[in-house]
1. Regarding the stretch 98-115, can at least one residue be identified that is out of contact with any helix residue (DSSP H, G or I) (no Cβ under 7 Å at 6 or more places or on another chain), surrounded by 23 or more Cβ atoms within 10 Å (Cβ to Cβ) and in the same structural domain as residue 242 (by TED's automatic domain parsing)?
2. Just one of (1) without any contact (Cβ under 8 Å) to a residue 24 or more places away in the chain; (2) within 13 Å of the ligand (Cβ to nearest atom) trips up residue 81, so point out which.
3. Kindly evaluate residue 266 against the criterion of being out of contact with any strand residue (DSSP E or B) (no Cβ under 7 Å at 6 or more places or on another chain), surrounded by 20 or more Cβ atoms within 10 Å (Cβ to Cβ) and among the charged types (D, E, K, R).
4. Give the residues of the stretch 263-276 that are among the aliphatic types (A, V, I, L, M) and out of contact with any Leu (no Cβ under 9 Å at 6 or more places or on another chain), sorted by residue number.
5. Quick one: residue 64 ticks every box in (1) within 15 Å of the ligand (Cβ to nearest atom); (2) surrounded by 24 or more Cβ atoms within 10 Å (Cβ to Cβ); (3) closer than 17 Å to residue 213 by Cβ except a single one, so which number is it?
6. If a residue must be within 21 Å of residue 154 (Cβ to Cβ) and assigned to a helix (DSSP H, G or I), how many such residues does the stretch 92-129 contain?
7. Looking at (1) farther than 30 Å from residue 290 by Cβ; (2) more than 13 Å from the ligand (Cβ to nearest atom), which is the one condition that is false for residue 101?
8. What is the residue count in the stretch 104-124 for residues that are more than 21 Å from the chain's Cα centre (by Cα) and closer than 19 Å to residue 363 by Cβ?
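The values are calculated or read from the model by the stated rules, or taken from the named source; none is laboratory data. Fair warning: this is a prediction, and the values are worked out from it, not measured in the lab. Reconstructed Cβ throughout: ideal geometry from the backbone, glycine too, with neighbour counts over all protein chains shown.
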Amino acid sequence: MKPFSGNFTQQEALDDTVIAAATEILKSGRLHRYNSEPGEVSKASELERAYAAYQGARYCLACASGGYAMAIALRASGLQHGETVLSNGFTLAPVPGAIAAAGGKPLLVEITEDLVIDLQDLEHKAKTSGARFLLLSNMRGHLCDMERLGSIVRQNNLILIEDCAHTMGAAWNGRKSGNFGLAGCFSTQTYKHLNSGEGGLLTSDDPDFMARAIILSGSYMLYERHGAAPAADVFERIRLETPNMSGRMDNLRAAILLPQLARLEDSIDRWNERYRAVDEALRGATGVVLRNRPDEERYVGSSIQFSLRGLSPAAAQAFVAANKALGVELKWFGDENPVGFTSNHHSWRYVEQQALPETDRVLSSLFDMRLPLTFSVEDCRHVASIIVHCASQLE
Ligand SMILES: *Cc1c(COP(=O)(O)O)cnc(C)c1O
């Protein structure tokens, strides 16, 4: 077996249009989003307009990170200290972290074999807890049945905030992920679908919510200089009762995101080409179980997940090591210790520990792999052949 030598954390280099945009803003010296000349629209505002248009949302706020977007979304939606927030039992650490930052108490909901929130458990926990908030994490880009989710949200008067860190550009029945509830939260961190190192985007159609979010982000009362914001009179109602929790995006990051956003659809096509190549190759392997993507879902295949049922923890670790020895970096979410980006709910000790037997069962056999665009489709086939080989060596 020929080892693979690609780097799983290497994103594409940023091209000359991005470098030119960065150079222009650096030469101006006006990096702060409110440091604009009279009549000038700052890059941060321009990005907010462009992203609102892409998303089909009325309002957009550019901010410091995806996790920050979620935390201020919870605050702006009226979360009180100590209040319960329903969220997926399988997600990444910034999600329970955002709930903690906003003073909430996570109530974790089981996931299904398809890696999405278990709607039955959600309904049950919504009813029995009386929670008002659901921070739905579309973890690893998998969307649940969004119509059924919508009816559970309505019946239980839940306020829905979507974590779309892995679903920027995805849709359910033609409706973009992030547009199903009060707000959508996106990340422009290097490993997501746009790359500004760090960064976040928050979208909503609700004027009061967005006015509070903008003040929270640290607008120094310069909210009229935002690109996709509600009218000034909306701010009048809330401007003095909303704290400044500094977490703005700067013009440099906005400037380098704009040309990338213009090419996002093309990136999605390229991710999906790679995803399908791996998916197809792995379907031939014995014991490997892949997720079927529902027809309603338009996904972004920036990562792929599969299961190998009935593996002991030692065998799972050995499988990861065998792949690694051949250059393939897999993440195993069943590990007791958080490694890299793979923490699971047992390692969120600041959260009241909760029994999630189904989630634990699914995670114990779940493997996950990034598909950076620096890999060619041929690379992806090579990687898949190594996984197939390692799977065939098991037992
Ligand atoms: C990365 C990520 C976030 C948060 O993004 P940051 O910009 O890193 O704060 C939220 N949810 C999930 C599932 C993520 O992977």
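1. Taking the stretch 98-115 and keeping what is out of contact with any helix residue (DSSP H, G or I) (no Cβ under 7 Å at 6 or more places or on another chain), we get 100, 103, 105, 112, 114.
If we keep only those that are surrounded by 23 or more Cβ atoms within 10 Å (Cβ to Cβ) too, we end up with none.
No, that holds for no residue.
2. (2)
3. On the way: out of contact with any strand residue (DSSP E or B) (no Cβ under 7 Å at 6 or more places or on another chain): yes; surrounded by 20 or more Cβ atoms within 10 Å (Cβ to Cβ): no; among the charged types (D, E, K, R): yes.
Answer is no for this residue.
4. Residues of the stretch 263-276 among the aliphatic types (A, V, I, L, M): 264, 268.
Within the stretch 263-276, 268 is the sole residue that qualifies.
5. (2)
6. 11
7. (2) is the only condition that residue 101 fails.
8. At the first step, the residues of the stretch 104-124 found to be more than 21 Å from the chain's Cα centre (by Cα) are 120-121, 123-124.
So of that shortlist, the ones also closer than 19 Å to residue 363 by Cβ come out as 120-121.
The number of residues fulfilling the criteria is 2.
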